[in-house]
1. Taking a Cβ-Cβ separation under 4.7 Å as the criterion for a possible partner, which cysteines of the chain have none?
2. Semi-axes of the equivalent ellipsoid of region 77-155: what are they in whole Å, largest first, if each equals the square root of 5 times a C-alpha gyration tensor eigenvalue?
3. With the chain treated as a Gaussian network of Cα nodes joined by springs under 10 Å, which of GLU110, GLU242, GLU42 yields the largest mean-square fluctuation?
4. Give LYS89/LYS136; LYS89/LYS177; LYS5/LYS89 a once-over and call out the pairs whose C-alpha atoms are over 23 Å from each other.
5. In the Gaussian network model of the chain, springs joining C-alpha atoms below 10 Å, which of GLU229, GLU211, GLU155 carries the largest mean-square fluctuation?
6. Would you compute, from DSSP H runs of 4+ residues alone, the mean residue ellipticity of the chain at 222 nm, taking -39500 (n - 2.57) per run and dividing by the full residue count, rounded to the nearest 500?
7. Given all pairs of different Cα atoms, what value in angstroms does the Kirkwood hydrodynamic radius of region 8-256 take?
8. Probe radius 1.4 Å, ligands and nucleic acids ignored: give me the carbon and sulfur share of the accessible area of the chain as a rounded percent.
Amino acid sequence: MKGLKGKTALITGATSGIGQAIAIRLAQEGCHVAINYRRNPESAEDTQTQAMEKACHQMEDCGVRSLIVQGDVSQEVDIIKMVETTIEKLGSLDILINNAGIQTESPSHEVETADFDRVLNVNLRGAFLCARETIKHLLATNRPGVIINISSVHEIIPRPFYASYSISKGGMGNLTKTLALEYAQQGIRVNGIAPGATVTPINDDWTNDPEKRAVVESHIPMGRAGTTEEMAAAVAFLASDEAAYITGQTLFIDGGLTLYADFREAWSA
Ligand code: NAD
């Protein structure tokens, strides 16, 4: 895609699921990729191997560089170091993908404060601080840039028993719009994608159980869960110059989940 070759992208939580697919796809498009992991360097190496294989098609040196960078996005010091290391080792930072995310389930009246804080700290505060550090670099070096927030259909669909997750993704939608408006004149585009039900480890409880999976998929107008590659394709588009005039938007990639499927048939005949 136009404008991706030679750019540097940092992807948080890139050792599995959607983040891993994004790292691989961006490398395939010719981006240098910084693969963030929190505590599993082996999975980060696996992502790196797959990304470089896609990027180079067995060539020894295709010009694409990659980096594994440790950091917990709920920790400000880690974020500052992660962004610094990326710039130092890969030369710049043009594209930030705020992908790291967690969820916890509990009736809202029983939620532990520490659990609530943990989800908000990773999903929303972490995304903001990663964006802040990236924007500092873009402004200091007077370069355009792209930030993409991996949100969720729960940016707009309330999710009972997952209040902290819903709140974090609702906040992420506003984060996308606010930063997009604040930095539009500096050439920094900020967008989001909102995946629907996607086959990744976060959904192991139903993706690995055919009966549960059928129930989940029965709620999706297109009748199936999404793939990580489908999410990564949209991210590559939004990060590329093909999307040069798009900012402040969240693209819902959900097989129709946000289309109010109950309206498929008339409620009264
Ligand atoms: P996943 O569990 O495979 O990926 C989440 C990643 O975040 C993991 O690699 C994990 O190690 C990393 N992570 C968690 N806490 C971290 C921290 N403190 N610091 C750094 N990394 C951390 O699940 P996924 O489905 O690929 O999720 C990726 C993103 O997509 C999340 O933001 C999630 O909310 C969003 N999403 C997923 C779905 C879905 O159905 N899978 C739907 C909507 C949105």
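The values are calculated or read from the model by the stated rules, or taken from the named source; none is laboratory data. What you are looking at is a predicted structure, and each value in this text was computed from that prediction instead of being measured. Methodologically, a virtual Cβ is constructed for each residue, glycine included, from the backbone with ideal geometry; neighbour enumeration extends over all protein chains shown. Note: areas computed on protein heavy atoms with side chains; ligands, DNA, RNA excluded. Shrake-Rupley method; radii C 1.70, N 1.55, O 1.52, S 1.80 Å.
1. Taking the Cβ cut-off of 4.7 Å, the unpaired cysteines of the chain are CYS31, CYS130.
2. They are 30, 13, 9 Å, listed from largest to smallest.
3. Comparing GLU110, GLU242, GLU42 in the GNM, the peak value goes to GLU110.
4. LYS89/LYS177
5. Per the Cα network of the chain with a 10 Å cutoff, GLU211 tops the list.
6. Details: 9 runs with 112 residues, N = 269.
Value at 222 nm, helices only, nearest 500: -13000 deg cm²/dmol.
7. Over region 8-256, the inverse of the mean reciprocal pair distance is 18.2 Å.
8. Values: 7040 of 13590 Å².
Roughly 52 percent of what the probe reaches on the chain is carbon or sulfur.
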